[in-house]
Amino acid sequence: MHPLANLHGKIMPLDEVTISPLDRGFIFGDAVYEVLRIYAGKPFLEQEHFDRFTRGLSELRITGVDMPRMRRRMHETIQAGGFTESMVYLQVTRGAAPRKHAFPKDATPLELLWVQEYHDTYRPLCQSGCAVITHPDLRWHRADIKSTNLLGNVIANQAATEAGCAEAILYLPDGTLTEASHSSFFAVKHGQLHTTPLKANVLPSITRNYTVKLCGQANIDVIERNLQRGELDDADELFLVGTTCEVLPIISVDGKPVQGGQPGPVTRRLQAIYTENVRAFLRA
């Protein structure tokens, strides 16, 4: 099944979409995006994703976007293609205008989304666990906005790929850990989960927040604090969470095994709870 796009309400094959070279998303990365996982034709955590989408547009002062209309277009495109196990990418840019850094006064925001089948390449790693590296955090100081300014993330993830690893955990010059290049991470110590607080210039990850809620169901304590790079060696377990990878165990950091190199019991418990909650969502 080929990806199906929706540009300003018009449904078409993704490879037929054309966008102005003067679009500010292309020139400046002046845009916000979201990615949703679709299970059995139903977008998961839809309201949470669109709430963050709306906040990102507000933070970048991109106005004139009818968000309920974007949601309708998303559902129309999913239905038009008969998509089941898939993902949807949504992006709004400030629009096309003569190339100047200051905001244009009369640009019309570009509203684009596409849906494509999702082949879960993370599934084997969710069973075996994955290796990660650590990498300097090179991103701008508004990582809380899900903008298309992702070059720092790209560089870190490329380094992970070249090292044969699934992800890169980012750290600041003082050794403070922030998040991973395209996911969030948790450490387990003495049965408690530790994760970076949202105020520390990290993305308010939808799956991160959902995992914290799942911990409430499982009576697992969550501590939000700034972790240091050196603490990775002392963790009982480490795992990543994200829209596409769900709950992904980490079994190696920078070539060093994490507590024997096997996924731990807390991670396994959360994987099971996550899967059951997805099933409950589909039954509802």
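The values are calculated or read from the model by the stated rules, or taken from the named source; none is laboratory data. Note that the structure is predicted; figures quoted are calculated from it, not measured. Positions of Cβ are generated from backbone atoms using ideal geometry, with glycine treated the same way; all protein chains shown enter the neighbour counts.
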Pick from region 127-142, criterion surrounded by fewer than 21 Cβ atoms within 10 Å (Cβ to Cβ) and not in a strand (DSSP E or B), ranking: nearest to the chain's Cα centre (by Cα):
Arg142
Select from region 27-51 the residues that are touching a strand residue (DSSP E or B) at 6+ places or on another chain (Cβ under 8 Å) and either at pLDDT below 95 or part of a helix (DSSP H, G or I) (or both) and list them in ascending order.
Glu46, His49, Phe50
Filtered residues of region 77-102 (kept if touching a residue at least 60 places away in the same chain (Cβ under 8 Å), assigned to a helix (DSSP H, G or I) and either surrounded by 15 or more Cβ atoms within 10 Å (Cβ to Cβ) or not assigned by TED's automatic domain parsing to the domain that holds Pro13 (or both))
Thr77, Gly81
Taking region 219-275 and the residues there that are more than 21 Å from the chain's Cα centre (by Cα) and among the acidic types (Asp, Glu), the one that is nearest to Asn157 (Cα to Cα) would be Asp254
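Among the residues in region 107-118, are any in a helix (DSSP H, G or I), modelled with pLDDT of 95 or more and of a type in the set (A, V, I, L, M, F, W, C)? Spell out the reasoning first.
Looking only at region 107-118, we keep the residues that are in a helix (DSSP H, G or I), and these are none.
Within region 107-118 (the criterion being in a helix (DSSP H, G or I), modelled with pLDDT of 95 or more and of a type in the set (A, V, I, L, M, F, W, C)), the answer is no, since none of the residues qualifies.
So if I check each of Thr54, Thr63, which one is in the same structural domain as Ala97 (by TED's automatic domain parsing), closer than 26 Å to Asp144 by Cα and in a helix (DSSP H, G or I)? If you could, list the steps in order and put the result at the bottom.
Numbers: Thr63 fails: in a helix (DSSP H, G or I).
None of the other options fit; the residue is Thr54.
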Among the residues of region 27-54 satisfying the criterion of being in contact (Cβ under 8 Å) with a residue 24 or more places away in the chain and more than 26 Å from Arg283 (Cβ to Cβ), which is surrounded by the fewest Cβ atoms within 10 Å (Cβ to Cβ)?
Gly29
Those residues of region 178-233 which are in contact with a strand residue (DSSP E or B) (Cβ under 6 Å, 6 or more places away or on another chain), of a type in the set (Lys, Arg) and under 18 Å from Cys245 (Cα atoms), in sequence order:
Arg208
I'm checking my understanding of the structure. Among residues of region 57-71 that are under 22 Å from the mean Cα position of the chain (by Cα) and free of Cβ contacts under 8 Å to residues at least 12 places away in the same chain, which one is nearest to Ala143 (Cα to Cα)?
Ser58
Among the residues of region 190-218 satisfying the criterion of being within 16 Å of Asn277 (Cα to Cα) and hydroxyl-bearing (Ser, Thr, Tyr), which is nearest to the chain's Cα centre (by Cα)?
Thr207
Lone unmet requirement of (1) in a loop (DSSP other than H, G, I, E, B); (2) in contact with a Leu (Cβ under 9 Å, 6 or more places away or on another chain); (3) not small (Gly, Ala, Ser) for Leu203
(2)
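Could you tell me whether region 232-251 includes any residue that is among the hydrophobic types (A, V, I, L, M, F, W, C), surrounded by 15 or more Cβ atoms within 10 Å (Cβ to Cβ) and under 23 Å from Thr54 (Cα atoms)?
Filtering region 232-251 down to residues among the hydrophobic types (A, V, I, L, M, F, W, C) leaves 232, 235, 238-241, 245, 247-248, 250-251.
Narrowing the set further to residues that are surrounded by 15 or more Cβ atoms within 10 Å (Cβ to Cβ) leaves 232, 235, 238-241, 245, 247-248, 250-251.
Now drop any that are not under 23 Å from Thr54 (Cα atoms), which leaves 241.
Checked region 232-251: at least one residue is among the hydrophobic types (A, V, I, L, M, F, W, C), surrounded by 15 or more Cβ atoms within 10 Å (Cβ to Cβ) and under 23 Å from Thr54 (Cα atoms).
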I need a count of the residues in region 190-213 that are modelled with pLDDT of 95 or more, surrounded by 15 or more Cβ atoms within 10 Å (Cβ to Cβ) and not polar (S, T, N, Q).
9
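Looking at the structure I just gave you, is Ala187 more than 12 Å from the chain's Cα centre (by Cα), of a type in the set (A, V, I, L, M) and surrounded by 15 or more Cβ atoms within 10 Å (Cβ to Cβ)?
yes
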